[in-house]
Amino acid sequence: SLQQIIPYVWLLNINSKKIFAYMRTQSKGDYQEKRLLNKFSCGLGGHIDKEDSENPINNAMMRELQEEIIMKEYPSPEIIGYVNLEHGVHAVHFGVVSIAQTAEEDIKSDDGVKEGKWLSIEELEQVFANPENDVEEWTRVSWPFIKNYISTKL
């Protein structure tokens, strides 16, 4: 009956103003959220674990970044909003949306991420407009706020 808090981190390249976008893994393996398999996404994140007890949201954001992608340096995310949808997979989840800014270009995929790449605002708009793309709902819902952030803050 309670919602689980889920950190949801968008990765922004401050030099190119591009967003890290990816396809979630197709195989079930160790990936826990089966309802999100093989979906296009821009948010990296997952459940808060017991080891995240001190400052749980920030610690979970950093842990999830380190589990899902490989970088030389992991930036500290800035919380910019929330996602609270009351249907389907989202009924038991409350999203804490953040942006992590980096200058790194070469980011490798890891756990739960099938393939990732940097996309411009225009390229992302094309992905969202294509009905053949199965885009994760939190990505669609939070995109206008991310786009506004990029347009007004950078």
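The values are calculated or read from the model by the stated rules, or taken from the named source; none is laboratory data. Model, not experiment: these values are computed from the prediction. Using ideal geometry, Cβ is built from the backbone for each residue, glycine included, and neighbour counts are taken over all protein chains shown. Accessible surface areas use protein heavy atoms only, side chains included; no ligands, DNA or RNA. Shrake-Rupley method; radii C 1.70, N 1.55, O 1.52, S 1.80 Å.
Within this structure, GLU105 fails the test of being over 14 Å from the mean Cα position of the chain (by Cα), open to solvent by 20 Å² or more (accessible area, probe 1.4 Å) and closer than 24 Å to ILE48 by Cβ.
Does the range 118-133 include one or more residues that are modelled with pLDDT under 95 and assigned to a strand (DSSP E or B)? No, the conditions are met nowhere in the range 118-133.
Table: residues versus (1) touching a residue at least 24 places away in the same chain (Cβ under 8 Å); (2) part of a loop (DSSP other than H, G, I, E, B); (3) out of contact with any helix residue (DSSP H, G or I) (no Cβ under 9 Å at 6 or more places or on another chain).
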| site | (1), (2), (3) |
| --- | --- |
| GLN66 | no, no, yes |
| LYS72 | yes, yes, yes |
| SER76 | yes, yes, no |
| ILE80 | yes, no, no |
| GLU86 | no, yes, yes |
| VAL89 | yes, no, no |
| PHE94 | yes, no, yes |
| SER98 | yes, no, no |
| ASP106 | no, yes, yes |
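All conditions but one from (1) outside any strand (DSSP E or B); (2) surrounded by fewer than 17 Cβ atoms within 10 Å (Cβ to Cβ); (3) of a type in the set (A, V, I, L, M) apply to ILE146; the one that does not is (2).
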